[in-house]
Amino acid sequence: MKEELFIRAIKKRKRRDQWFFVFLLVMGFFSLFPLFSVLYYVVSKGWPGLFAANDLISVFGTLEMTLFALLFAAPLGIGLGFYLYETRGTRTVTVIRFIAELLAGMPSILVGMVVYAIVVISTGTFSLFAGSVSLAVFVLPFLARETEDRLIASTSTLKEGALALGASNSRALLQMVLPVMKRPLLVAVLLGVIRAMGETAPLIFTSLGNNFWPAGVFSPASTLSLQIYFDALSPYTGVQAQAWAGALILIAMIMILFLVARWISKGESK
Amino acid sequence: MNKFRKHDSDRLFAGALLSFALILVLFIFVIISVLIERSWKSITTFGFSFLTGQTWNPLRHMYGSLPFLYGTLISSLIGLVLATVVGGGTAILLTQFNHLRFVKLATFLLDVLATIPSVVYGLWGLFVLVPWLRNTGEPFLKATLGFVPLFSGQVWGVGLLAAGLILGIMMLPTIISVVRKLMDQVPQELQDGAIALGATRTEKVRMVVLPYARVGILGAVFLSFGRALGETIAVTMVIGNSPTISSSLFQPGDSLASVLVTQFLEASTHLYLSSLYEIGLVLLIVAVLFHSVSKFLVWRVSERARIA
């Protein structure tokens, strides 16, 4: 009798274990389901509308704006990452680090509002330039964080070795650490590009969007993300199809960059 | 360390690095001062009633931000609950049952999920999720849980629930990756010990793994919440953009960030624009507050764990 109770208790626990596993499988399914659904709809709905003239304008807008943003943000972000790495543990850096995290956690739309108040109002026009500035401010803290993480992960002994051989601090960093870090930093910049490419909110107030080729850096420009946003809100199905096509191009570009970044970092770890 | 800094180049280099940091400080200073300066008129006109006012009606010059605060908090809360349950479960699956074949593939797919831009989620939400909610999801909830005020009233599709679902999906990759990292740090000896004592995998997770990782999970949850508060584009596209406070999750609402997107460029009067800047300021304060509280919490709990 007693034994029977014991066995029943064990069976109950085992059943509970199996049910828990089923529950976890369902959760795992829920986690991945949105990805498949998003990709399925983007491909199937985006495919027919591909190769329209407007897409080309947006693609160039996206590339140009991201390029300008990164030209500005990459040196600054990497420099800041080096600063955070170099001054770990000191009191001033905890303040700087808090500010960097604050900027990273700040809703990007606020950056758009501030850039509007400064750049757009002072130049008198929405522009590709203003959009680039807001994207640069947006990715800066991300790049700094990535740089610092990668420096911490890979190079402390390298720098110590250089210092032990009598190199000055700056020489150790610039001539020993930086060359070794070239690929990891490139990956960090690529991840920053991916983030900047998909960002929409701050661009609405700074770059505005444009259905035509922008006349120059200081004129409104469209990006894929802006085009998707505005086209999606249109009541016309033909325009909505443009939004899906834009999403397909944007995701394809991001996936290519993502795979390249992965490939580079894989080569690094070998 | 200072003793060794004898080279001029070092001093120059340190100065250059410091200038990067100063640029950052300048950025944050400019952002905060612009937001305060631009919203000054609204602050002096409405004072504290800006935060408690329930009516947002630019035509009648009534600017109360409570509906936006409400919409922001409720939609983020829905997202947080969903992402914690689903993401936590997935993280347990991927760490504790990692003999499964698909772990590597799932990790890769979750990385991909994290790269999908907000605006694409918004597009998907608007044309896939919202129609589904309107035709299937919300009627079903209403039929089964309709006696709760949360799930009653007219079915729209767009609304707080749709925004919460989208936010939940967007939070998933972060929560999963952080929780996984935390669970990987649980000492193997403890886990083996639990198994050796006869615990099932479920009991091991509940009694050993989760208690050990609890602190960090709390931190991850708070951090994701802070991020959800500021999520803009996807929420704007599915929340319904109506400044109302209603107890039903089916009703359209609006969030702090989404009202900025939809109304900022349409603000026709000085006071209107100023009020929107104050909304931005409120958003910043809420985000900073949450960031600081989560940092403090994690710090305090980990400090206690260290002492104990």
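The values are calculated or read from the model by the stated rules, or taken from the named source; none is laboratory data. Bear in mind the structure is a predicted one, so any value in this text is a computation, not a measurement. Here the Cβ positions follow ideal geometry from the backbone for every residue, glycine too, while neighbour counts run over all protein chains shown.
Go through (1) surrounded by 15 or more Cβ atoms within 10 Å (Cβ to Cβ); (2) modelled with pLDDT of 95 or more; (3) more than 8 Å from chain B (Cβ to nearest Cβ) one by one and return the number of the condition A:GLY46 breaks.
Condition not satisfied by A:GLY46: (2).
Please return the ranges of helices (runs of 4 or more DSSP H) entirely within segment B:77-173 where 1 or more residues are closer than 20 Å to A:ALA252 by Cα and without any contact (Cβ under 8 Å) to a residue 12 or more places away in the chain.
The helices (runs of 4 or more DSSP H) meeting that bar are B:103-115, B:118-124.
Can you tell me which of B:ALA114, B:ALA163, B:ALA143 is more than 10 Å from chain A (Cβ to nearest Cβ), within 16 Å of the chain's Cα centre (by Cα) and among the aliphatic types (A, V, I, L, M)?
So the residue among B:ALA114, B:ALA163, B:ALA143 that is more than 10 Å from chain A (Cβ to nearest Cβ), within 16 Å of the chain's Cα centre (by Cα) and among the aliphatic types (A, V, I, L, M) is B:ALA163.
For segment B:197-247, how many residues meet the condition of being more than 22 Å from B:ALA83 (Cβ to Cβ), more than 10 Å from every other protein chain (Cβ to nearest Cβ) and hydroxyl-bearing (Ser, Thr, Tyr)?
4
Can you tell me which residue is nearest to B:VAL286 (Cα to Cα) among those in segment B:55-76 that are β-branched (Val, Ile, Thr) and part of a helix (DSSP H, G or I)?
B:THR72
Checking the structure you have, find out if any residue of segment B:175-193 is closer than 23 Å to A:LEU250 by Cα, of a type in the set (A, V, I, L, M, F, W, C), part of a helix (DSSP H, G or I) and within 14 Å of another protein chain (Cβ to nearest Cβ).
no
If a residue counts only when it is touching a residue at least 60 places away in the same chain (Cβ under 8 Å) and farther than 29 Å from A:TYR40 by Cα, which helices (runs of 4 or more DSSP H) contained entirely in segment A:151-270 have at least 1 such residues?
Filter on segment A:151-270 gives A:182-198, A:237-269.
Under 9 Å between Cβ atoms, at least 6 apart or on separate chains: pull out the pairs that start in segment A:9-38 with a residue that is free of Cβ contacts under 8 Å to residues at least 60 places away in the same chain and end on any residue that is crowded, with 17+ Cβ neighbours inside 10 Å and acidic (Asp, Glu).
Every condition considered, the pairs that remain are A:ARG13/B:GLU203; A:ARG16/B:GLU203; A:ASP17/B:GLU203.
Do you know which of the residues in segment B:4-55 that are β-branched (Val, Ile, Thr) and more than 26 Å from the chain's Cα centre (by Cα) is surrounded by the fewest Cβ atoms within 10 Å (Cβ to Cβ)?
Filtering segment B:4-55 for residues that are β-branched (Val, Ile, Thr) and more than 26 Å from the chain's Cα centre (by Cα), the one surrounded by the fewest Cβ atoms within 10 Å (Cβ to Cβ) comes out as B:THR44.
Look through A:PHE36, A:PHE51 and report the one residue that is on the phi > 0 side of the Ramachandran plot and surrounded by fewer than 17 Cβ atoms within 10 Å (Cβ to Cβ).
Every option except A:PHE51 fails the conditions.
For segment A:41-86, enumerate the residues that are closer than 27 Å to A:VAL133 by Cβ and among the β-branched types (Val, Ile, Thr).
A:ILE57, A:VAL59, A:THR62, A:THR66, A:ILE78
From the set of residues in segment A:111-135 that are more than 10 Å from every other protein chain (Cβ to nearest Cβ) and under 24 Å from B:ALA21 (Cβ atoms), which is surrounded by the fewest Cβ atoms within 10 Å (Cβ to Cβ)?
A:VAL119
Does B:LEU73 fit the bill of being closer than 25 Å to A:SER31 by Cβ and at pLDDT below 95?
yes
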